[in-house]
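K.L.:
Before anything else, here's the structure in question.
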Amino acid sequence: MSESVRIVNVPPGDGTKAGFLRSFAEAIDLPGLHALNWDAFADAFSAFVADADRPLILRHDALPRLRAEGDLGVYVDVLSDVANRSDGRLKIEFPDDATPPPADRTPPAAAIAHYHLNRGGVTRVVANHLLALRANQINPPWAVLLTGGRAEAWDEHEHTLEHEGVRAPRPVVAGLDYDDLNPGDGSPEPDRLADRIETALADHQATRDETVLHIHNHALGKNVSLPGAVALLAERGWKLLLQLHDFAEEFRPANYLHLVGALGEDAVLYPQASQIHYAVLNGRDRGVLRSLGVPEERLHFLPNPVGDFPPLPDRQEARSALRATLGVCDDEGYLVYPVRGIRRKNLGETILLTMGHPDQRAGVTLIPRNPAELAYHDRWKAFAEELDLPVLFGVGEEDGLSFHQNLAAADAILTTSVAEGFGMVFLEAWLAGRPLMGRDLPHVTADFKAEGLELPGLYEALTVPLDWAIAEDGTGFEERFRAGCERLLKDYRRPWNESAFAEALAAKTDGGRIDFADLDEELQFAVIRRIADDPAARGEVRSIETDPGRPTDGIVQANAAVVRDRYSLAGSGERLRAVYDAVLASPVGPVTGPPHPRAALDAFLDLKTFRLIRG
């Protein structure tokens with residue numbers, strides 16, 4: 001044997017994955033192992049072999065002692081992947097009397113694609129889908145995650161996934177991220193993106209017959225190449241599940257204009273073919289897809305999986321931390337609003353709900369990262385501080401309490417959002433053992449109620465006298481609503497419709513009252529200042545409730561049972577697997593546009609549902 005070959009004896013480790021990876025790294029002097037998990041190991045070891053100045057033999061005198069189910073197979077799989085790409089520069093030796101588990105060479109069940117795996121709702125859904133497949137006894141779950149490269153939040157999910165034996169490598173697909181983060185001039189390049197996706201699929205043994213290409217939010221307006229790439233992949237025979245969490249047509253004019261500006265008014269955003277299926281989160285969105293012309297057999301209701309909560313921290317300890325960190329006294333009630341405080345979360349209404357209750361405080365957990373959203377958040381924070389209002393902001397940031405500490409310290413969970421795709425808070429509150437209070441979103445909660453969830457304590461509207469809504473510049477709701485509607489329709493390149501505006505205005509101001517959530521920030525400021533100056537005026541704030549009353553302990557427990565039964569990981573895994581089976585069973589046919597391409601825009605641009613804090 002040539003002296004230029006490096007031979008390394010791999011130590012068997014201490015039985016734990018972390019211990020084995022640490023000893024392996026020390027044995028070969030492996031740089032770049034930033035975390036003791038399989039994905040980090042695969043990245044670091046692949047780079048190490050590619051940069052090595054001589055061939056390497058990994059000699060195992062004994063099989064690694066890896067106690068967790070699936071770990072030994074994953075280790076062998078990583079070594080085999082790297083060896084296959086090494087042009088003979090890596091050789092692996094195991095003892096003759098030991099048979100390592102074969103590397104996983106079966107095609108992945110799914111290739112799941114999203115722009116990124118940063119913190120956010122879709123990232124959480126992706127992780128829960130993988131856990132759901134595992135809970136449904138798909139063992140080991142084997143999927144590929146295609147992203148544009150950002151994965152800042154994935155580490156927090158990765159440990160759980162690996163502990164459950166989930167194998168999910170993350171190849172980076174150049175050009176899959178948001179257009180403003182991709183190199184180039186932002187021109188559509190669907191052919192190039194489709195080619196890159198296919199290369200990543202081939203590298204991970206995905207096949208057209210056995211792998212579902214599950215793509216999230218393909219037409220959101222964040223990447224002008226993706227809708228066309230989706231159609232091309234379908235034309236090439238891939239079977240696709242396009243899951244829609246959000247729509248560019250739903251009061252996101254910048255996203256929509258980005259799409260049609262690059263692709264034209266007649267762009268095919270929702271391609272149709274026998275091998276293209278769609279998944280939606282609620283009944284309203286299902287209706288929108290039906291109106292586009294998606295046939296029922298290719299349209300699936302796929303509610304998000306809801307993982308159960310770990311035991312919460314001790315309540316007394318959490319309250320002590322709340323007092324020490326945020327200054328909330330033990331005898332004060334505490335409502336936690338577990339969201340990132342972006343504009344549509346309707347922070348002014350959170351303040352309004354807490355006014356008139358001197359023994360109660362509310363906390364909004366997270367600060368927006370988007371600069372435009374941060375500006376709205378910071379205005380509310382400064383306004384609350386100016387008037388000494390009982391709402392705290394950023395209570396879940398690093399200098400606050402953890403998510404689970406906030407839940408443990410809370411007397412109830414609050415929601416005032418005016419728009420949600422799925423509305424996880426309507427389910428998770430009960431698993432946390434806390435009642436849910438605040439604003440109902442009937443188009444979201446109708447599905448939950450149909451499954452048996454009871455939602456007392458939620459209101460459909462919180463009305464105030466219309467003549468309270470006068471901004472500092474003297475403008476009232478009608479003038480500001482007209483300006484907002486004109487701007488919205490112009491942004492979407494739709495003609496002005498005076499009768500539609502008049503109908504929407506009449507509906508919103510019926511009886512001389514207006515829903516607080518229909519007001520913009522300047523008008524909400526005016527209402528709150530009036531109540532701050534005259535606390536008795538709080539009595540003029542009226543809620544419209546379909547099921548009045550605060551949830552009892554019995555309802556909390558009953559709702560938790562419904563959520564565990566209907567939205568558990570196991571149940572969601574069964575539902576997802578059935579959808580995948582339906583997609584894979586589909587024949588491959590020609591790709592066309594939808595029969596009614598403008599139907600989504602028509603459905604969402606209803607001025608009666610438009611709120612100024614969405615504009």
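The values are calculated or read from the model by the stated rules, or taken from the named source; none is laboratory data. Quick caveat: nothing in here was measured; it's all calculated off a predicted structure. Don't worry about glycine lacking a Cβ; one is built from the backbone with ideal geometry, like all the others, and counts go over all protein chains shown. These accessible areas exclude ligands, DNA and RNA; they are computed on the full protein's heavy atoms, side chains included. Shrake-Rupley method; radii C 1.70, N 1.55, O 1.52, S 1.80 Å.
K.L.:
Mind listing just one residue for me: the one in region 187-236 that is acidic (Asp, Glu) and part of a loop (DSSP other than H, G, I, E, B) and, of those, most open to solvent (accessible area, probe 1.4 Å)?
P.N.:
In this case the residue turns out to be Asp209.
K.L.:
When you look at Glu385, is it buried (at least 22 other Cβ atoms within 10 Å of the Cβ) and charged (D, E, K, R), yes or no?
P.N.:
In short, no.
K.L.:
How do the pairs read when you match residues in region 564-575 that are more than 16 Å from Val126 (Cβ to Cβ) and in contact (Cβ under 8 Å) with a residue 12 or more places away in the chain with residues anywhere that are open to solvent by 60 Å² or more (accessible area, probe 1.4 Å) and not in a helix (DSSP H, G or I), using Cβ under 9 Å and keeping only pairs 6 or more apart or on different chains?
P.N.:
Short answer, once both residue conditions are applied: Arg564/Asp308; Arg566/Glu451; Tyr567/Glu451; Ser568/Asp308; Ala570/Gln137.
K.L.:
Next up: Could you please tell me which pairs satisfy a Cβ distance under 6 Å, a separation of 6+ or placement on different chains, a first residue in region 65-94 that is touching a residue at least 60 places away in the same chain (Cβ under 8 Å), and a second residue that is surrounded by fewer than 20 Cβ atoms within 10 Å (Cβ to Cβ)?
P.N.:
If the second residue must be surrounded by fewer than 20 Cβ atoms within 10 Å (Cβ to Cβ), the pairs left are Glu69/Gly165; Gly70/Pro140; Gly70/Gly165; Gly73/Pro101; Asp77/Ala103; Asp77/Asp104.
K.L.:
Still on this structure, please answer the following. Name the residue, out of Arg493, Arg482, that is at pLDDT below 95 and over 30 Å from Pro435 (Cα atoms).
P.N.:
Arg493
K.L.:
Exposed (fewer than 14 other Cβ atoms within 10 Å of the Cβ) and over 23 Å from Val172 (Cα atoms) - does that describe any residue in region 28-48?
P.N.:
Checked against the condition, which is being exposed (fewer than 14 other Cβ atoms within 10 Å of the Cβ) and over 23 Å from Val172 (Cα atoms), region 28-48 yields at least one hit.
K.L.:
Considering every residue within region 403-421, establish whether at least one is in contact with a His (Cβ under 7 Å, 6 or more places away or on another chain), at pLDDT below 95 and of a type outside the set (S, T, N, Q).
P.N.:
yes
K.L.:
Filter region 369-402 down to the residues that are among the aromatic types (Phe, Trp, Tyr) and either over 16 Å from Glu349 (Cα atoms) or out of contact with any strand residue (DSSP E or B) (no Cβ under 8 Å at 6 or more places or on another chain) (or both) and list them by number.
P.N.:
Hits for region 369-402 are Tyr376, Phe383.
K.L.:
Which pairs do you get when a residue that is within 16 Å of His114 (Cα to Cα), found in region 149-161, comes within reach of a residue that is surrounded by 14 or more Cβ atoms within 10 Å (Cβ to Cβ) and basic (Lys, Arg), reach meaning Cβ atoms under 7 angstrom, with the pair 6+ apart or on two chains?
P.N.:
Ala151/Arg170; Glu152/Arg119; Ala153/Arg119
K.L.:
Run Met355 past the list (1) within 27 Å of Asp534 (Cβ to Cβ); (2) in contact with a His (Cβ under 6 Å, 6 or more places away or on another chain) and report the number of the one that doesn't hold.
P.N.:
Met355 satisfies all of (1) within 27 Å of Asp534 (Cβ to Cβ); (2) in contact with a His (Cβ under 6 Å, 6 or more places away or on another chain) except (2).
K.L.:
Here's another thing I want to ask about it. Hey, could you check region 345-379 for residues that are without any contact (Cβ under 8 Å) to a residue 40 or more places away in the chain and open to solvent by less than 30 Å² (accessible area, probe 1.4 Å) and say which is farthest from the chain's Cα centre (by Cα)?
P.N.:
Thr354
K.L.:
Checking Ala254 against (1) part of a loop (DSSP other than H, G, I, E, B); (2) open to solvent by 50 Å² or more (accessible area, probe 1.4 Å): exactly one of these is not met. Which one?
P.N.:
Among (1) part of a loop (DSSP other than H, G, I, E, B); (2) open to solvent by 50 Å² or more (accessible area, probe 1.4 Å), the lone unmet condition for Ala254 is (1).
K.L.:
Being open to solvent by less than 80 Å² (accessible area, probe 1.4 Å), modelled with pLDDT of 95 or more and not in a helix (DSSP H, G or I): is that true of Ile514 here?
P.N.:
The answer is yes for Ile514.
K.L.:
I've got another one for you. So, in region 183-202, exactly how many residues are farther than 19 Å from Val260 by Cβ and of a type outside the set (Val, Ile, Thr)?
P.N.:
Summing the residues that are farther than 19 Å from Val260 by Cβ and of a type outside the set (Val, Ile, Thr) in region 183-202 gives 11.
K.L.:
May I ask you to verify whether Gly184 is modelled with pLDDT under 90, open to solvent by less than 40 Å² (accessible area, probe 1.4 Å) and more than 28 Å from Tyr75 (Cβ to Cβ)?
P.N.:
no
K.L.:
Can you tell which of Phe448, Phe403 is open to solvent by 10 Å² or more (accessible area, probe 1.4 Å), over 21 Å from Gly356 (Cα atoms) and within 22 Å of the chain's Cα centre (by Cα)?
P.N.:
Phe403
K.L.:
I need the full set of residues from region 488-500 which are in a helix (DSSP H, G or I) and crowded, with 18+ Cβ neighbours inside 10 Å, in order please.
P.N.:
Leu488, Leu489 - these are the residues of region 488-500 that are in a helix (DSSP H, G or I) and crowded, with 18+ Cβ neighbours inside 10 Å.
K.L.:
Say we look at region 268-285 and pick out the residues that are open to solvent by 30 Å² or more (accessible area, probe 1.4 Å) and either modelled with pLDDT of 95 or more or of a type in the set (Asp, Glu) (or both); which of these is nearest to Asn304 (Cα to Cα)?
P.N.:
Step by step, filter region 268-285, then rank; the result is Ser274.
K.L.:
Also, I was wondering about something else. Hey, among Gly474, Gly421, Gly438, which residue is surrounded by 18 or more Cβ atoms within 10 Å (Cβ to Cβ) and either basic (Lys, Arg) or not in a strand (DSSP E or B) (or both)?
P.N.:
Exactly one residue qualifies, and that residue is Gly421.
K.L.:
Separate question: So Cys485 fits all but one of (1) open to solvent by 60 Å² or more (accessible area, probe 1.4 Å); (2) in contact (Cβ under 8 Å) with a residue 40 or more places away in the chain; (3) assigned to a helix (DSSP H, G or I); what number is the exception?
P.N.:
Every condition holds for Cys485 apart from (1).
K.L.:
Take the residues in region 142-160 that are open to solvent by less than 10 Å² (accessible area, probe 1.4 Å) and part of a helix (DSSP H, G or I), then tell me which one is nearest to His216 (Cα to Cα).
P.N.:
Among them, the one singled out is Trp154.
K.L.:
Find the residue count for region 441-457, including only residues that are outside any helix (DSSP H, G or I) and under 11 Å from Phe422 (Cβ atoms).
P.N.:
Summing the residues that are outside any helix (DSSP H, G or I) and under 11 Å from Phe422 (Cβ atoms) in region 441-457 gives 1.
K.L.:
So the check is Cβ under 7 Å with 6+ separation or different chains; which pairs have a first residue in region 451-462 that's charged (D, E, K, R) and a second one that's assigned to a loop (DSSP other than H, G, I, E, B) and open to solvent by less than 10 Å² (accessible area, probe 1.4 Å)?
P.N.:
So the pair list comes out as Glu460/Asp440.
K.L.:
Scanning region 549-586 for residues that are in contact with a Gly (Cβ under 8 Å, 6 or more places away or on another chain) and basic (Lys, Arg), which turns out modelled with the lowest pLDDT?
P.N.:
Step by step, filter region 549-586, then rank; the result is Arg550.
K.L.:
Within region 330-343, is even one residue out of contact with any Pro (no Cβ under 6 Å at 6 or more places or on another chain), under 25 Å from Ala536 (Cα atoms) and free of Cβ contacts under 8 Å to residues at least 40 places away in the same chain?
P.N.:
Yes, because at least one residue in region 330-343 is out of contact with any Pro (no Cβ under 6 Å at 6 or more places or on another chain), under 25 Å from Ala536 (Cα atoms) and free of Cβ contacts under 8 Å to residues at least 40 places away in the same chain.
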